[in-house]
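Asks: Please find one structure pasted underneath; my questions will follow.
The values are calculated or read from the model by the stated rules, or taken from the named source; none is laboratory data. Quantities reported herein were computed from a predicted structural model and do not represent experimental measurements. Heads up, the Cβs are rebuilt from the backbone with ideal geometry, glycines too, and the neighbour counts pull from every protein chain shown.
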Amino acid sequence: MRTHSETASPAVARVRALVEPIAADLGLEIYDLEHRSGTLRLTLETPAGSPSGVTLEQIELASRLVSKELDAHDPIQSRYQLEVTSPGVERSLRTPAHFRRAVGEQVTVRLQGVEADERRIHGVLTAAEDEAITVEVDGTNRTIGYPQIDRARTVFAWGPAPKPGSRKKTATERDEE
């Protein structure tokens, strides 16, 4: 698993320094920042414990302000496309801070260096420390070191599917009853 310190180039560090004050002014935090394949992806999030998530208006305003700031300071010498987004309901977990924020949530973790039948773990993230996470799987806690993690993300429970044959009736159908 790539941690923030492993992916933070000097250019990304300069971008972070320019963007953090803008995010703070908007009442947001930088959830993730990465520069790959000609895309600079800035993921913004509300502070932990906030009652609501990032709004489209906040993303639009952040995009304009960040773009203007990056144009003025030119922290990345190569061409890139700026993408400002929110983490969404199913968010990637790449850093210890990401995992700490997701404690108590359903997660799926793909491991590296293990047999195929042990590669995927689904459960509740019960702890996230500096060196490892703990996931409860079927009542058993499993501790996983960050170097073992290939990919991880939260899993949003969408709720029960509607029963077959049950759908909302249209106004015309209700009137005909």
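Asks: Residue pairs, Cβ under 7 Å, 6 or more apart or interchain, first in segment 12-28 and in the same structural domain as Pro47 (by TED's automatic domain parsing) and more than 12 Å from Ile59 (Cα to Cα), second modelled with pLDDT under 95 and part of a loop (DSSP other than H, G, I, E, B). List them.
Replies: Sorted first by the residue in segment 12-28, then by its partner, the pairs are Arg14/Pro75; Val15/Pro75; Val15/Ile76; Leu18/Pro75.
Asks: Same structure, new question: What do you reckon, is Arg110 closer than 30 Å to Val19 by Cβ and either in the same structural domain as Asp25 (by TED's automatic domain parsing) or at pLDDT 95 or above (or both)? Even if it seems obvious, please write down each step before you answer.
Replies: On the way: closer than 30 Å to Val19 by Cβ: yes; either in the same structural domain as Asp25 (by TED's automatic domain parsing) or at pLDDT 95 or above (or both): yes.
Judged against the criteria, Arg110 is a match.
Asks: Restricting attention to segment 148-177, and to residues there that are touching an Asp or Glu at 6+ places or on another chain (Cβ under 9 Å) and at pLDDT 65 or above, which single residue is surrounded by the fewest Cβ atoms within 10 Å (Cβ to Cβ)?
Replies: Among those residues, the one meeting the criterion is Phe156.
Asks: Has segment 138-145 got at least one residue that is closer than 30 Å to Arg14 by Cβ, within 25 Å of the chain's Cα centre (by Cα) and either modelled with pLDDT of 95 or more or aromatic (Phe, Trp, Tyr) (or both)?
Replies: Going through segment 138-145, the residues closer than 30 Å to Arg14 by Cβ turn out to be none.
No, that holds for no residue.
Asks: Just one of (1) crowded, with 17+ Cβ neighbours inside 10 Å; (2) closer than 24 Å to Ser78 by Cβ; (3) of a type in the set (A, V, I, L, M) trips up Ala17, so point out which.
Replies: (1)
Asks: Among the residues of segment 30-50, write down those that are within 22 Å of Tyr80 (Cα to Cα) and without any contact (Cβ under 8 Å) to a residue 40 or more places away in the chain.
Replies: Ile30, Leu33, Glu34, Arg36, Ser37
Asks: Mind checking whether some residue in segment 86-103 is among the hydroxyl-bearing types (Ser, Thr, Tyr), touching a His at 6+ places or on another chain (Cβ under 7 Å) and at pLDDT below 95? Write out each step before concluding.
Replies: Here is the first cut: in segment 86-103, the residues among the hydroxyl-bearing types (Ser, Thr, Tyr) are 86, 92, 95.
Restricting the remaining residues to those that are touching a His at 6+ places or on another chain (Cβ under 7 Å) gives 95.
Applying the additional criterion that residues be at pLDDT below 95 yields 95.
Yes, because at least one residue in segment 86-103 is among the hydroxyl-bearing types (Ser, Thr, Tyr), touching a His at 6+ places or on another chain (Cβ under 7 Å) and at pLDDT below 95.
Asks: Tell me, which strands (runs of 3 or more DSSP E) lie completely within segment 22-126 with 2 or more residues that are surrounded by 12 or more Cβ atoms within 10 Å (Cβ to Cβ) and of a type in the set (D, E, K, R)? Give the derivation first.
Replies: Details: elements: 29-36, 39-45, 81-85, 106-111.
Per the criteria, 29-36, 39-45.
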